[in-house]
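We did not get these values from a lab; they are worked out from the coordinates using the rules stated. Since the model is a prediction, treat every value here as computed from it, not as a measurement. Don't worry about glycine lacking a Cβ; one is built from the backbone with ideal geometry, like all the others, and counts go over all protein chains shown.
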Amino acid sequence: MIVLDRTDYNGALRGLVDERGWINFRELLARRDQIDRFLSKAARVNAEMLRNRSVEDRKAYWFCVYHGLLVASILDHYPPERVRPVGAAPDPGDHADSVRRVPGFWTARAIRAGGERHTLRSIENDVLWKEFPDPRWPFVLARGGRSGAPIPAELPGGVRFDSYLDRRVQSFFRQRENYYRSGPDKTLFLSPVLLWDRERIMTQEGGPLPVHQSRPVSRWEEEEDAGDIQILLRFIMPFLDRQERMAIDPENYKIRYSYFDWRLPDTSPPAAPAPGSEAGDEDRQPLPLTDAPDVKGETVGEEMPEQPDSDDAPPVRFIPRP
């Protein structure tokens, strides 16, 4: 017997996800009842039912619940631009169609799952990282933006779930916005999700961090400690294509963190503006990335130093985690 029936979720997204993993949310809104049924079934799975299942089954359950709740939360506030509170201070990297416009997006909505009430944030931090610590989580959990891992078009079961995670991480590092190698500069431009969960990744991958490797990097755009770089590369390398692995010399490469695109991965055609309404997104200018406090109260978001001389290098700016 499967732990969680995924039929409603998979049926709701069927035919609405393109090859990039972007979703037609306007069409999905019409299928909202299927997402709600999926979450109702998740709520009927209690702690005792999970306790009797394999580790892979339990990890798959929470992975599925997280993404079901993420989709439901996006639909709750779709389109995001309509929920911007009047007078609210702009966030760095804010866009009219970003979940970052929604106050408390990661913590406001709670559902029952596994016998307890959980939010997106508590599923990630209190369940997945605490009960099933795994350095792959940052690269398989979607954030509701165009960067990072995409929202799954189809949820997996517990059978071979570990292999599913490996494939999803490999897919993550094949996306140019998440991984880019500049050979002449011997620099890897990596997604800032490595920065957000850097200490947890390194602890899982390399054991307890020695004192000299415990430097917080929350407001730095470039890794500086050679030991830190070695641990991060040790995690990344097995997920890269063979050609990439052969091209990287871990002793000589450096790591820099790139821009995270928080815009909603939405393929819905733009709605016609109401008479007298404000200009659409195409007329809005992006907000400056300056002096935005991160979750620990430090200042982040400064422009990075001048980029290397590479015509196709990605933009390199850091945006704080949600």
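Residues in the range 227-242 carry Karplus couplings, in order, of x, 5, 4, 4, 5, 5, 5, 4, 6, 6, 3, x, 8, 8, 5, 4 Hz; the curve used is 6.51 cos²θ - 1.76 cosθ + 1.60 with θ = phi - 60°, and Gly or Pro positions show x.
Taking amide H atoms as placed 1.01 Å from N in the peptide plane, the amide H of Ser98 lies under 5 Å from those of Leu264, each 5 or more residues away in sequence or on another chain. Taking label points 7 Å from Cα along the Cα-to-Cβ direction, Ala47 and Met246 give a separation of 5.3 nm. Taking label positions 7 Å along the Cα-Cβ direction at both Asp5 and Gln170, the computed distance is 3.3 nm, reported to one decimal.
Per-residue 3J(HN,Hα) values for the range 131-138, derived from phi via the Karplus relation 6.51 cos²θ - 1.76 cosθ + 1.60 with θ = phi - 60°, read 8, 10, x, 7, x, 7, 3, x Hz in sequence order (x marks Gly and Pro).
Proximity of backbone amide H atoms, modeled 1.01 Å from N, is registered between Ala113 and His118 at under 5 Å, excluding neighbours fewer than 5 places apart on the same chain. Net length available on complete extension from Arg14 to Ala110 is 32.0 nm, with 0.36 nm assigned per residue and the Cα-Cα distance removed.
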